[in-house]
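Novice: My structure is below; once you've seen it, I'll send some questions.
The values are calculated or read from the model by the stated rules, or taken from the named source; none is laboratory data. The shown structure was predicted, so the numbers you read here are calculated from the model rather than taken from an experiment. Neighbour counts run over all protein chains shown; Cβ positions are idealised from the backbone, glycine included.
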Amino acid sequence: MLYQIYETQRALMAPFSEFASATSKLYNHPLSPFAHIPMAERVAAGFDLIHRLAKEYEKPPFNITTATVGGVEVAVQEQVAIAKPFCRLLRFKRFTDNVEALTRMKNQPTVLVVAPLSGHHSTLLRDTVKALLHDHKVFITDWTDARMVPVEAGPFHLDDYVEYVQDFIRHIGPEAHVISVCQPTVPVLAAVSLMASRGEPTPRTMTMMGGPIDARKSPTSVNDLAVNKSHSWFEANVIQRVPPNFPGAGRRVYPGFLQYTGFVAMNPDRHVSSHYDYFLDLIRGDGDSAEAHRQFYDEYNAVLDMPAEYYLDTIKTVFQDFALVNGTWVVRGEPVRPQDITTTALLTIEGELDDISGAGQTRAAHDLCEGIPKGRQFHYDAKGAGHYGIFSGRRWREKVYPEVRGFIYRFSSETMNLAPAASTKKARA
């Protein structure tokens, strides 16, 4: 019922949002007589802000069309490598006529980026993909909004997530280097552990960034909520059924609008201040700052519904039972044993100011992966970086990415002679 109320409210607000947008342009367009009356800038800025607060935000595109490889600009095409009901495996295929660049690209390592299924779309990792494309072949998981998946496709559990990751790794092959960001660090570790236990080839490397491997360490507000509320409370209070106007009508989900409310509630003052600064930027005519605000919130405000089964499984397995670190997690009848991983190198990354995955939560993977030789285990602390800063923005590009690149090239023996000069810095153990 709550979901239907929200959809009704959204439909009612849509005309007002469009009216606010039109009014803003009326008071801002240089050819409009209203643009020259006193206080026109404030009126235009106010209605523009109202429009953005009331509008619906669709999934933004990756919009990655070029990359630079060895100083040569190459074309990038987004392709679907595998299509499953709840996820597409995307490949960012690079093209060029430059022989030297083509040779370099063919010999570069292949990276699978496992994006989080935790509210935002995989396009949140656009900056991650852009950086990786300079030196790697890149695949990424593109999770489907659950409200767009018909009920006939069946449920989607955490175990299914693990199997999806395994299928994607097998598709790429044992030369794959897996990067998991935030939430997927846990199912990725499970996927690779199960493959190792079966004797299957495992990826060359695993890079785990800001994830809740052991959510007991340095608990954040996210961890506290999961621990203080029962499993039945989550099922009764946050799970809704998709309304009839979507392909997934009737499917049980954790709606994106509820997740978004939780995101904002974590730092309400910061968001209020950001919107007020946007209002002032519009009045001052600071187009660059205003556009930066729009780009951030176009991404931040675009959320997706999560399958109820997957969400409730994650709450119980990761944040309440701590099944991975306690050694009690069983996937499809098979125990998850990270200690069985022996050949895959491991790099964990944490942000100094991360308020979602606390200090030590990701680093805990090293204690679990005791079968990996110490010489193949590394950890990096990103000073001054928050949760998003470890995979997006200036600190990602200037500090974190060189560490990731150097780590991947170190364990890609066939490409070591092509490693970029900037990658010689050794990851800190």
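This table checks each residue for (1) within 21 Å of His177 (Cβ to Cβ); (2) out of contact with any Leu (no Cβ under 7 Å at 6 or more places or on another chain).
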{"residue": "Thr343", "(1), (2)": "yes, yes"}
{"residue": "Leu347", "(1), (2)": "yes, yes"}
{"residue": "Ile356", "(1), (2)": "no, yes"}
{"residue": "His366", "(1), (2)": "yes, no"}
{"residue": "Lys383", "(1), (2)": "no, yes"}
{"residue": "Tyr388", "(1), (2)": "no, yes"}
{"residue": "Gly393", "(1), (2)": "no, yes"}
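Novice: So which residues in the stretch 290-314 are of a type outside the set (D, E, K, R), modelled with pLDDT under 95 and in a helix (DSSP H, G or I)?
Specialist: Answer for the stretch 290-314, where residues must be of a type outside the set (D, E, K, R), modelled with pLDDT under 95 and in a helix (DSSP H, G or I): Ala290, Ala292, His293, Gln295, Phe296, Tyr297, Tyr300.
Novice: Among the listed residues Ser412, Ser357, which satisfies the condition of being modelled with pLDDT under 95, small (Gly, Ala, Ser) and surrounded by 23 or more Cβ atoms within 10 Å (Cβ to Cβ)?
Specialist: Ser357
Novice: For Pro30, all conditions in the list (1) surrounded by fewer than 18 Cβ atoms within 10 Å (Cβ to Cβ); (2) under 30 Å from the mean Cα position of the chain (by Cα); (3) in the same structural domain as Gly287 (by TED's automatic domain parsing) hold save one; what is the number of the exception?
Specialist: (2)
Novice: Within the stretch 53-89, can you find the residues that are more than 15 Å from Asp127 (Cα to Cα) and not in a strand (DSSP E or B)?
Specialist: Leu53, Ala54, Lys55, Glu56, Tyr57, Glu58, Lys59, Gly70, Gly71, Pro85, Phe86 - these are the residues of the stretch 53-89 that are more than 15 Å from Asp127 (Cα to Cα) and not in a strand (DSSP E or B).
Novice: Given the criteria modelled with pLDDT under 95, assigned by TED's automatic domain parsing to the domain that holds Gly210 and over 29 Å from Phe62 (Cβ atoms), does Ala429 qualify?
Specialist: No.
Novice: Then there's this: Can you tell me which residue in the stretch 164-179 is surrounded by the most Cβ atoms within 10 Å (Cβ to Cβ), limited to those that are in a helix (DSSP H, G or I) and touching a helix residue (DSSP H, G or I) at 6+ places or on another chain (Cβ under 8 Å)?
Specialist: Val165
Novice: Return only the number of the condition from (1) under 21 Å from Val111 (Cβ atoms); (2) aliphatic (A, V, I, L, M); (3) surrounded by fewer than 16 Cβ atoms within 10 Å (Cβ to Cβ) that Leu53 does not satisfy.
Specialist: In the conditions (1) under 21 Å from Val111 (Cβ atoms); (2) aliphatic (A, V, I, L, M); (3) surrounded by fewer than 16 Cβ atoms within 10 Å (Cβ to Cβ), Leu53 misses (1) alone.
Novice: Return yes when Tyr278 is assigned by TED's automatic domain parsing to the domain that holds Asp48, assigned to a helix (DSSP H, G or I), surrounded by 14 or more Cβ atoms within 10 Å (Cβ to Cβ) and in contact with a Gly (Cβ under 8 Å, 6 or more places away or on another chain) and no when it is not.
Specialist: So Tyr278 does not fit the description; no.
Novice: Take Asn28 and tell me if it is assigned to a loop (DSSP other than H, G, I, E, B) and at positive phi.
Specialist: no
Novice: Yes or no: Asp381 in contact (Cβ under 8 Å) with a residue 60 or more places away in the chain and not in a helix (DSSP H, G or I)?
Specialist: No, not satisfied.
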